[in-house]
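All remarks here apply to the structure that follows.
The values are calculated or read from the model by the stated rules, or taken from the named source; none is laboratory data. The shown structure was predicted, so the numbers you read here are calculated from the model rather than taken from an experiment. All Cβ positions, even for glycine, are placed from backbone atoms using ideal geometry, and neighbour counts span all protein chains on display.
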Amino acid sequence: MLNKKCLPTPLIPAHQRLPIMLNHQVWQKRFRTLYLLYHSVILLSKLLALKIRGRWDDRRVGRLLRDLFQRFGILWIKVGQLLSMRLDLFSPEICTELSRLQDRASGFPAEAAIRIIEAELGQPIEQVFSQFEKTPFAAASISQVHRARLCNGKGFVAIKVRKPGTQETFQADMQIIRGLVRLLQWLSIRPYMRWSDMQWEIEQLMTEELDYHYEAANMKRMRKTLKSHKIYVPKVFAKYSSECILTMEFVEGVLMSDYLSVLRTNPERIDPWLQANHIKPELVGRRLFTSMMRQLLEDNLFHGDLHPGNIMLLRDSRIACIDFGSIGFMDQAFLEKYGAYLEALTRQQYGKVFDIYLQFPNDIPPTDLSPLKAEFTHLLQSWDERCRIAALPYTEKSIIALNDAFLHILGKHEITMTWDFLRFTRAAATADAAFRVLMPKLDVIRLTQKYLQHRVKRGFNQLLRRRTPPDDVLFDQHALLEMPANVSEAMALRNTIMRQQAHVHCGHTPLIRGLNTLLIALTLSLRLSGFFLLFECIEQQQTTAGLDVQVWVLIFLMLGYTDRVVAKLKKRCRTRYPQYHT
């Protein structure tokens, strides 16, 4: 249990908090489908009206989509949050609005929560909890949280209870998502987006969040790994937990979201509170930044939703994390590439940054990558200059903001990222809301360099601790044996982009040249045919036999239209691939 000396004084008094609104209505499946269809039709009519009136604005459209997903709740909020990462599909304004989706909802009656708890524990609630607060202190679209005290005297706990009917609602909504994905695939609407992968991602996320066995296991694992980061994770009481309820230690910290709220509305209260609790915002930000990087690149076990509502401030600049329903891990080869990408980024090796970054997308269409590389280089140079200006806000210097700009550029070239990569970067992006307030003048490049140096030291120390032979003084023999393979792998990584370019040119050049030749031949054939048909028409008009004038007019109109279409194709091919027309 957390030492009471670490608990800070309250920042927002309990009586100033707005109570959780209760909703006594549970949607049935048949009404749920009609509800979704009705509001979807209303949204489409609004979008159509904006288009017809010429008032289409991406920010307004983003707000409409955000309101719709927020109204639908449950997995639709996850859909909106996933789509907010697709800067290669939507405009930055729409993605920004979707990224503001918050999993907040009304609660449900305490009587229903008590029935669920008693059914899961198999005994009356009085035999487990000596005190149970019926009013929930937090609520989301799939659950609400009550405060209680265990009968065994172990102190207060937080009990997360799954909302009644959530599983049925999820299954009904998931059927609609599957139908939409099949429709998108059948209509071939942006097939390079791999909609089936998004469907799998949504199902996986919601399965883990609806079954609290996953979260309990995640908390136990993260409690162990984050201990070395000096970040506290509440203790789980597995004896009083199940698929529908999760009982964990109640931590009386101050949520980062509350800190940000008071900073906006009543900033004069912040400094006295920070001093009273010995909290230094910049130190908290650095600890959180380092922990996030270690979770992603070293532990390979990261909190997938570390937004301000899941971060708690404790005394002496300590941190606690909550809500571990979304935990991620990646393939080791991916982590090595991403680590190399960060290192190249901090060393201003822009060519290497481009080469490594193109290892992450699903695939690269056959196209010339030179313009794309030029855009990347200009963007990196501009970002590097901004990073060295302390007065600029963190949002203009963030690595995540840079990645968003990369995605936008890739989208223009129809190059899409894997959902795994987006889930990985989203985990880091959620913490940015805290970073930009805690460290507004952060030097991202310097801090990342410092982290990478400490990462190497930690890796070397771990290598020495694993050393078992007494005569192995400097190096691990196994590491020496693997060194040639590692060098070979590094060379392969560096040269993959060259192989991709070779593939593009070898497979693409004959195709474009052949298409160009075909279009030229078709143009010549159409014009020769028109010339001979013109003579035939004149000859027939001098006699009474032959086709009517209207038929000849129709033939020449069709020939002219076809010639115009072929000319446009030639112009587009020449504009997009000028190197194949020299």
Legend entry - Selection within region 201-232 - over 20 Å from Pro164 (Cα atoms), in a helix (DSSP H, G or I) and hydroxyl-bearing (Ser, Thr, Tyr): Thr225, Ser228
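Which one is farthest from Ser91 (Cα to Cα), of the residues in region 403-431 that are among the hydroxyl-bearing types (Ser, Thr, Tyr) and assigned to a loop (DSSP other than H, G, I, E, B)?
Looking at the filtered set, the residue picked out is Thr418.
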Inset, instruction - Determine the pairs where a residue that is basic (Lys, Arg), located within region 290-305, has a partner that is modelled with pLDDT under 90 and in a strand (DSSP E or B) with Cβ atoms under 6 Å apart, the partner being 6 or more residues away or on another chain. - result: none
Legend entry - region 428-453 - residue that is within 27 Å of Met312 (Cα to Cα) and surrounded by fewer than 14 Cβ atoms within 10 Å (Cβ to Cβ) and, of those, modelled with the lowest pLDDT: Lys441
Inset, instruction - Being over 24 Å from His213 (Cβ atoms) and in a helix (DSSP H, G or I) narrows it down to one of Arg115, Arg100, Arg66, so name that one. - result: Arg66
Inset, instruction - Say whether the condition of being in a helix (DSSP H, G or I), farther than 23 Å from Gln295 by Cβ and within 25 Å of the chain's Cα centre (by Cα) is met by at least one residue in region 148-166. - result: yes
Inset, instruction - Could you list all residues from region 183-199 that are part of a helix (DSSP H, G or I), surrounded by 13 or more Cβ atoms within 10 Å (Cβ to Cβ) and in contact with a helix residue (DSSP H, G or I) (Cβ under 9 Å, 6 or more places away or on another chain)? - result: Leu184, Gln185, Met193, Trp195, Ser196, Asp197, Met198, Gln199
Legend entry - Leading residue by the ranking (nearest to Arg17 (Cα to Cα)) among those in region 248-281 that are out of contact with any Leu (no Cβ under 9 Å at 6 or more places or on another chain) and part of a loop (DSSP other than H, G, I, E, B): Asn266
Legend entry - Which numbered condition Thr135 misses (of (1) outside any helix (DSSP H, G or I); (2) over 26 Å from Pro164 (Cα atoms)): (2)
Inset, instruction - Say whether the condition of being part of a helix (DSSP H, G or I), under 21 Å from Leu369 (Cβ atoms) and modelled with pLDDT of 60 or more is met by at least one residue in region 515-535. - result: yes
Inset, instruction - Output the residues belonging to region 118-132 that are free of Cβ contacts under 8 Å to residues at least 40 places away in the same chain and assigned to a loop (DSSP other than H, G, I, E, B). - result: Gly122, Gln123, Pro124
Inset, instruction - Return the pairs, sorted by first residue and then second, in which the second residue is among the aromatic types (Phe, Trp, Tyr), the first residue lies in region 386-399 and is over 11 Å from Ile445 (Cα atoms), the beta carbons are less than 9 Å apart, and the residues are 6+ apart or on different chains. - result: Tyr394/Phe435; Glu396/Trp383
Legend entry - Matching residues in region 432-454 - criterion: being out of contact with any helix residue (DSSP H, G or I) (no Cβ under 7 Å at 6 or more places or on another chain) and either of a type in the set (Asp, Glu) or not in a loop (DSSP other than H, G, I, E, B) (or both): Arg446, Lys450, Gln453, His454
